[in-house]
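Data block below; observations after.
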Amino acid sequence: GQFIQRKDPFTLIHAFKKLKFRAHLSFVGSGPLLKRCKKIVLKEFKSEKLSCDFYGQVDHSQILHLLKTNHVLVLPSRFDGYGFVVSEAIDCNTYSIVSSEVGSKDLIKEGSIGSVFRVGSISQLVNQLSLHFIRSGLPNA
C-alpha cells in the first residue's frame, strides 16, 4: 500500500477510533503520509481496546500471510483503478470492505465476502466494520 492522499488512510484511522469493540489495525506500505498517520495513531489510540502496527513495505508472501491472518481488509481509496489486493483477499477468504471508488468493488457480494461504503464516509465504514464484527462472532479480546 501507499500512504498517499488518493489511498485515504485518514478515513480508516478516524473510523477505527470510533469502534466500540477491541480491534487491531495493521497498515502495510510507505509514503509521504506515513509519519502523519503514525502521529495520529500515537496520539489518538490511547484506549486499551485499540492497537495498530505499521509494517512498511513487505514482500508479496507476507501480504498473503497478513490477508490470511487478519479478519478484514479495508481499502478506503478515493480512487483506485482496480485494487488487486481485493481479489487476493477474496482468494484468502478475507472479508473486504472497500470504498465506492475502488474498481474491484464489483467483486464484492454484499454481506458474503465484503461490503462497499460511500467514499470518505467515516460513519458508513464504522457501521460496516461493526456489522462484520457482529456477524462473524469475533471475540471481543
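Data for the structure
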read-out: Amide H within-cut-off set for Leu73, under 5 Å, with H built and near neighbours excluded; value: Tyr95, Ser96, Ile97
read-out: His24 accessible area, assembled protein chains, probe 1.4 Å, Å²; value: 90 Å²
read-out: The range 49-88 pair-distance distribution - Cα-Cα, 10 Å bins, rounded %; value: 21, 56, 22, 1
read-out: Å² of accessible area per residue within the range 1-135, as computed with a 1.4 Å probe and no ligands counted; value: 55 Å²
read-out: Surrounding net charge for Arg6, when Lys and Arg each add one and Asp and Glu each subtract one, Cβ distance under 9 Å; value: 0
read-out: Expected 222 nm ellipticity per residue - DSSP helices of 4 or more, -39500 (n - 2.57), all of the chain, to 500; value: -11000 deg cm²/dmol
read-out: For the range 69-141: rounded, prolate or oblate by the Cα gyration tensor [a/c cutoff 1.5]; value: oblate
read-out: Value in Å of the Kirkwood radius, where the chain supplies the Cα pairs that are averaged; value: 15.1 Å
read-out: Separation in nanometres of the label points that stand 7 Å from Cα toward Cβ, at Lys18 and Ser123; value: 0.7 nm
read-out: Residue-span extension gain [Asp106 to His71] - 0.36 nm each, minus C-alpha spacing; value: 10.6 nm
read-out: Nearby lysines by direct alpha-carbon distance to Lys105 (threshold 25 angstrom, same-chain neighbours under 8 apart not counted); value: Lys7, Lys17, Lys18, Lys68
read-out: Using θ = phi - 60° and Karplus 6.51 cos²θ - 1.76 cosθ + 1.60, couplings along the range 64-81 (whole Hz; Gly, Pro as x); value: 4, 4, 4, 5, 6, 9, 9, 7, 8, 9, 10, 10, x, 3, 6, 7, 8, x
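The values are calculated or read from the model by the stated rules, or taken from the named source; none is laboratory data. The structure displayed is predicted, hence computed values, not measured ones. Every residue, glycine as well, gets a Cβ built from its backbone with ideal geometry; the counts of neighbours run over all protein chains shown. The protein model used for the area step is the full one, side chains on, heavy atoms only, and it has no ligands, DNA or RNA in it. Shrake-Rupley method; radii C 1.70, N 1.55, O 1.52, S 1.80 Å.
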